[in-house]
Amino acid sequence: MLDYEKTYVESIKNPEIFWENIAKELSWYKPWDKVLDWKYPYARWFVGGQTNIVYNALDRWQNTDIKNKTALIWVSQEQTERRFTYGQLNEEVSKFANGLKSLGVKKGDKITIYLPRIPEQFIAMLACLKIGAVHSVVYSGFSADALKNRVEDAQAKIVICSNSYPYGKKVVESKKNVDEALKENKTVEHVIVVERMKSDEIRQSQIQSDKTSEKNSDSIQLNPIPSDFIYIWWHELMAKQSTECPTEMMESSDPSFILYTSGTTGKPKGIIHGHGGYMVGIYATLKYVFDIKPDDIFWSTADAGWITGHSYILYSPLINGITMFVYEGTPDFPDIEIWWRLIDKYKVTKFYTAPTAVRALMKFGEDHLKKYDFSSLKILGSVGEPINPEAWLWFYKHVGREKLPIMDTWWQTETGMFMITPVPSVKLKPGSAFKPFFGIDADVVDDKGNKVPTNTQGYLIVRKPWPAMLLDVYNNPTRYKETYFEKIPNVYFAGDSAKIDEDGFYWIVGRNDDVIKVSGHRLGSAELESAFVSNTKVAEAAVIGKPHEVKGESIKAFVILKQGVVPSDELKAELVQTVRKSIGPIATPDEIDFVEKLPKTRSGKIMRRVLKAQELGLPVGDTSTLES
Ligand code: WTA
């Protein structure tokens with residue numbers, strides 16, 4: 001049994017030694033000269049070292065028994081299965097990497113991956129890293145507008161998408177979003193299209209949903225619109241490629257990927273991660289927190305459109321040499337027992353999900369769980385938002401059968417890896433994310449950076465760098481510095497509020513900036529507001545997050561209409577569509593109030609804090625800066 005307290009104290013005495021020992025467990029083309037170079041606010045880990053995430057995720061297994069072990073078990077919505085051994089995955093990745101090279105992709109080029117949760121999503125991600133290209137995965141549920149902004153910001157050379165894909169009973173016509181997003185694009189040279197659905201399947205589903213079969217027939221032709229770029233089928237590109245491709249040697253701090261995430265301004269920021277430090281951080285955290293054993297079948301229910309899908313669906317399980325399990329569908333399709341059936345059928349050992357899913361499934365009671373065995377399960381995990389004790393206990397009782405520990409892992413797109421988390425050997429408190437991981441020097445402080453008293457709410461910060469820390473904000477170093485390192489000088493400012501109790505346990509309260517967490521998805525108030533005002537009938541909008549029983553938070557908007565526009569329910573429905581079009585269905589507003597005025601400071605900034613307090617019936621706090 002791992003002694004947390006002892007290991008933590010040891011690790012924090014000298015985190016560099018702790019992380020260096022872990023880095024030695026991985027493969028490097030060239031070892032580092034220096035473990036950490038910390039030039040505030042930039043940390044560079046394993047300086048001088050050369051490696052590649054793919055070198056550790058795939059290459060190093062090819063001369064071992066792991067080559068024949070299953071790397072990925074994928075189950076489609078229709079319950080068909082695709083399996084890849086480490087050897088087969090390596091071949092597919094090499095082929096696609098060669099395909100990218102044949103299209104002129106070079107080290108450092110940016111590639112946008114707009115794919116649903118299918119094996120090609122993972123193959124594409126690995127292939128990019130293998131040749132030193134930088135991927136930007138855009139969640140397949142984002143709208144054409146959201147995709148457009150992300151492709152443009154990254155100046156992507158290639159976009160990879162699917163033609164159409166099934167999503168519950170619906171069919172999402174993904175390629176149409178790409179057509180629209182790229183209408184005025186200047187940088188994209190090729191669009192590679194995965195044929196997730198055959199034309200007859202698409203037609204069939206259209207007939208079922210009472211659409212005419214002709215209406216969408218262009219979604220199966222590759223060049224429906226005149227454009228400067230070329231569409232290519234994934235399978236045609238792959239057919240011509242060799243299964244051998246050298247893995248590019250990358251400097252430890254060379255970028256591996258960009259992932260866009262919401263912040264306090266209207267424009268999402270591109271978080272950049274590297275190869276060396278990032279892989280060391282994600283490798284160690286999964287290994288200790290989920291007590292990784294060679295025969296593990298690890299299921300993270302996230303999507304690779306989010307950081308969890310990068311760090312813990314794909315990269316860390318492969319670096320740890322275990323089997324990843326992925327289900328294409330949603331937790332309620334074809335019915336609400338699907339997750340439980342899959343756990344038993346595939347003998348999943350570690351199951352990592354989000355509080356919002358637990359709460360949604362909780363609503364259906366316990367009976368539907370009783371017939372499942374769950375004897376393969378060893379550890380459960382939670383991420384994305386605070387898990388309320390009620391949901392924690394339900395998960396513990398009915399899935400964990402009062403035997404399995406729940407790892408409530410607090411971390412962020414920016415941190416890359418788990419930061420505040422239990423390890424399986426410790427005693428837990430439902431609703432607390434336990435304490436910092438080894439080598440992590442976290443704390444809860446006031447606005448001057450002083451530690452707050454026990455059980456007092458303050459700002460969650462990290463004092464020292466950690467290996468999977470973001471490298472920068474893409475094209476915006478000022479924003480990097482201001483957001484993370486200047487709110488409280490010299491420390492990493494997480495943007496979350498927390499408390500530490502008398503036993504040293506951390507209790508995450510939630511965001512203290514204008515980021516809203518809807519079903520664990522990260523959205524910005526400002527981003528939503530600019531979506532509202534993109535409708536010409538809207539003069540101004542203010543958006544807040546409101547506590548929601550299942551989703552954690554829901555979106556409430558206060559909207560001032562332009563003069564002469566008459567408020568109506570139809571207009572509310574229209575605005576909901578405006579926001580869905582601008583961001584995607586995950587951003588669907590729950591409530592819209594038409595108002596005459598918004599609380600503002602004298603300098604014209606909307607005080608969302610006041611709106612929120614008023615909405616929740618809480619004291620509004622200091623209003624001295626309020627204009628009216
Ligand atoms: C929240 C997700 C409480 C938090 C990996 C953080 C959590 C934001 C937890 C980052 C947790 C994540 N308990 N809150 N276990 N995990 N959060 O970037 O507010 O999508 O700042 O990364 O999610 O969201 P992101």
**Request:** Return the subset of Lys269/Lys517; Lys106/Lys186; Lys546/Lys597; Lys429/Lys517; Lys101/Lys345 for which the Cα-Cα distance in this structure is over 28 Å, preserving the input order.
**Result:** Lys101/Lys345
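Ranked highest first by the average count of other Cβ atoms within 10 Å around their residues, in what order do 318-325, 395-402 fall?
Descending mean neighbour count gives 318-325, 395-402.
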**Request:** If a/c stays under 1.5 just call it rounded; otherwise compare a/b with b/c (prolate if a/b is bigger, oblate if not). Do that for region 479-524, with a ≥ b ≥ c from the square roots of the Cα gyration tensor eigenvalues.
**Result:** oblate
**Request:** Name the helices (complete DSSP H segments) of the chain with a Cα length along the long axis of 30 Å or more and a Kyte-Doolittle mean of at least 0.0, or state none.
**Result:** none
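Is the shape of region 519-616 best called rounded, prolate or oblate, per the rule: a/c under 1.5 gives rounded, else a/b larger than b/c gives prolate, else oblate, with a ≥ b ≥ c the square roots of the Cα gyration tensor eigenvalues?
oblate
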**Asked** Between Ser242 and Val550, what is the spin-label point distance in nm, taking each point 7 Å from the Cα along the Cα→C-beta axis?
**Response** 5.3 nm
**Item:** Spherically averaged projected area of region 89-244 from its Cα convex hull (nm²)
**Value:** 8.7 nm²
**Request:** State the answer as a single residue: which of Leu129, Ile160, Gly104 lies farthest towards the positive end of the charge dipole of region 89-244, with beta carbon charges of +1 for Lys and Arg and -1 for Asp and Glu, about the Cα centre.
**Result:** Leu129
**Request:** Find how much the distance from Asp446 to Glu486 grows on full extension, using 0.36 nm per residue of separation minus their present alpha carbon separation; answer in nm with one decimal.
**Result:** 13.0 nm
**Item:** Cα lying deepest toward the dipole's positive end in the chain, options Ser11, Gly504, Ile272, charges on Cβ
**Value:** Ser11
**Request:** Just need the relative contact order of region 89-244 here, percent rounded to a whole number, with Cα pairs under 8 Å and 6+ apart.
**Result:** 25 percent
**Asked** Where both residues lie in the chain, what percent of DSSP beta bridges are antiparallel, nearest 5?
**Response** 60 percent
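Just how many % of Cα pairs in the chain lie over 49 Å apart, if you round to the nearest whole percent? Mind showing how you got there, number by number?
Numbers: 16756 of 196878 pairs.
So the pairs more than 49 Å apart make up 9 percent of the total in the chain.
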**Prompt:** How much length, in nm to one decimal, is gained on full extension between Leu618 and Lys198, taken as 0.36 nm per residue of separation minus their Cα-Cα distance?
**Reply:** 145.8 nm
**Contour excess over end-to-end distance, with Cα ends at Asp367 and Trp233 and 0.36 nm allotted per residue** = 43.7 nm
**Prompt:** What number, in percent, do you get for the relative contact order of the chain if the mean sequence gap of Cα pairs under 8 Å and at least 6 apart is divided by its residue count?
**Reply:** 13 percent
**Item:** Average Cα contact separation per residue, region 1-145, under 8 Å, 6 or more apart, as relative contact order %
**Value:** 15 percent
**Request:** Under 17 Å Cα to Cα from Lys176, which lysines show up? Leave out anything in the same chain fewer than 8 places away.
**Result:** Lys148, Lys198, Lys211, Lys215, Lys581
**Asked** Among bridges DSSP assigns within region 519-616, what percent are antiparallel (round to 5)?
**Response** 75 percent
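No lab work stands behind these numbers, since they all come straight from the coordinates. Predicted model, so just to flag it, every value in this text is computed and none were measured. With ideal geometry, Cβ positions are generated from the backbone for all residues, glycine too; neighbour counts draw on all protein chains shown.
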